[in-house]
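Here the structure is laid out as structure tokens; the discussion comes afterwards.
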Amino acid sequence: MRCFARPLGLFVLFVFLMESEGLETDLRSRWAFRNRRPPTHDLGFTNLDSGEYHAQIMTADVLSASGRDRLMVLAAAILFSTGGAAVKACSLNGWQVACFRSAVAVAAIYALVPVARRGWTLRVWAVGLAYGSTMIFFVLANKLTTAANAIFLQASAPIYVLALSPLLLSEKIRPRHLVFMAILALGMACFFVGSQPASSTAANPMIGNILGACSGLTFALCIMGLRWLGRGVGGVGATSAAVCCGSLVALLLTLPMAFPVRSSTPSDWAIVVFLGVFQIGIAYAFLIRGIAGVPALETSLILLAEPVLNPLWAWLVHGEEPTAWALLGGAIILGATVAMTFARKPELSS
């Protein structure tokens with residue numbers, strides 16, 4: 001784990017520094033607004049009357065907030081990307097990793113995000129079920145197939161988001177989105193073509209691939225559910241509660257299969273703590289902060305930075321190499337996603 005601990009820590013520090021800078025800029029803009037004087041930073045607001053100046057300030061604040069929201073979602077993706085290598089580095093079985101990681105995550109979120117301690121409504125429990133299921137499927141898939149297969153199949157979440165967003169979120173779907181869905185489906189199919197031999201880090205690739213596809217569906221439901229809660233009265237509090245609730249759901253669902261623990265090492269428990277605190281707790285703190293300001297589809301696209309790094313960590317730590325079909329499928333999924341991201345139009349943020 002040392003190979004990715006330092007760059008990961010630097011990235012997290014960078015995000016916090018960027019967030020602090022954005023907060024300072026925002027506060028200075030608000031001070032200038034109240035005092036009818038131009039802010040100390042140059043936004044080109046000279047020679048404007050009072051109404052124009054106020055409109056410019058409000059627009060700048062919205063754009064700044066939108067950029068920080070996307071940065072928060074990206075930070076979550078970087079932290080999420082450490083999961084595959086870390087899960088494989090732990091000698092505990094999949095049920096045990098899922099259970100104990102969730103236990104640590106519940107404690108971390110409860111301690112770090114006070115707003116998550118209240119508002120556990122039926123809606124929160126529903127979203128928590130989707131999140132908890134994603135946690136379980138992800139760990140089990142990583143224990144049975146390669147990290148690349150598990151994460152690329154989870155990265156197929158946009159296909160489910162596109163299919164279900166009109167029904168669940170009343171978000172419009174465009175004709176080009178249908179093309180995107182067809183390309184994603186083709187990429188997913190590549191993981192089920194040919195045979196993949198078992199290895200020390202991928203004991204049953206076919207079953208693991210199926211579990212990975214299931215995690216893509218539940219992850220899409222989680223993204224849409226968090227977006228749904230973020231729009232409501234509860235806002236960030238409701239989404240935070242859903243993450244904490246989901247971790248508890250995962251803990252309870254896996255608890256019967258987690259015991260007895262026949263053997264373990266201090267390294268195993270250190271990995272479990274890392275997964276619960278950093279890969280889950282802090283990552284979702286970033287995601288919760290950003291997701292309310294980013295549409296569900298765009299959120300799922302930004303989070304696809306995770307598949308870029310996840311197989312890399314697995315290769316660096318374990319020497320795990322994906323098959324040619326997996327690389328092709330991943331390239332199709334990520335390539336289509338990148339193309340969709342650069343071709344996006346204002347409706348993605350509407």
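Restricting attention to region 114-149, the residues being surrounded by fewer than 21 Cβ atoms within 10 Å (Cβ to Cβ) and not polar (S, T, N, Q) number 11.
Inspection of region 49-70 identifies at least one residue that is modelled with pLDDT of 85 or more and either under 19 Å from Ala250 (Cα atoms) or in contact with a Gly (Cβ under 8 Å, 6 or more places away or on another chain) (or both). Scanning region 276-299 for residues that are part of a helix (DSSP H, G or I) and either free of Cβ contacts under 8 Å to residues at least 12 places away in the same chain or farther than 26 Å from Val104 by Cβ (or both) returns Ala296, Leu297, Glu298. Taken residue by residue, region 177-195 has no member that is touching a residue at least 40 places away in the same chain (Cβ under 8 Å), among the β-branched types (Val, Ile, Thr) and touching a His at 6+ places or on another chain (Cβ under 9 Å). The residue that is farthest from Leu328 (Cα to Cα), counting only those in region 121-164 that are in a loop (DSSP other than H, G, I, E, B) and in contact with a strand residue (DSSP E or B) (Cβ under 7 Å, 6 or more places away or on another chain), is Thr145.
Looking at Ser165, Ser170, just one residue is surrounded by 14 or more Cβ atoms within 10 Å (Cβ to Cβ), under 23 Å from the mean Cα position of the chain (by Cα) and either at pLDDT 85 or above or within 21 Å of Leu221 (Cβ to Cβ) (or both), and that residue is Ser165.
Residues that are in a helix (DSSP H, G or I) and either surrounded by fewer than 21 Cβ atoms within 10 Å (Cβ to Cβ) or within 11 Å of the chain's Cα centre (by Cα) (or both) within region 310-324 comprise Leu312, Trp315, Leu316, Val317, His318, Ala324, listed in sequence order.
The values are calculated or read from the model by the stated rules, or taken from the named source; none is laboratory data. On a predicted model such as this, the values are computed, not experimentally measured, just so you know. A quick note on method: Cβ atoms are made from the backbone with ideal geometry, for glycine too, and the neighbour counts reach across all protein chains shown.
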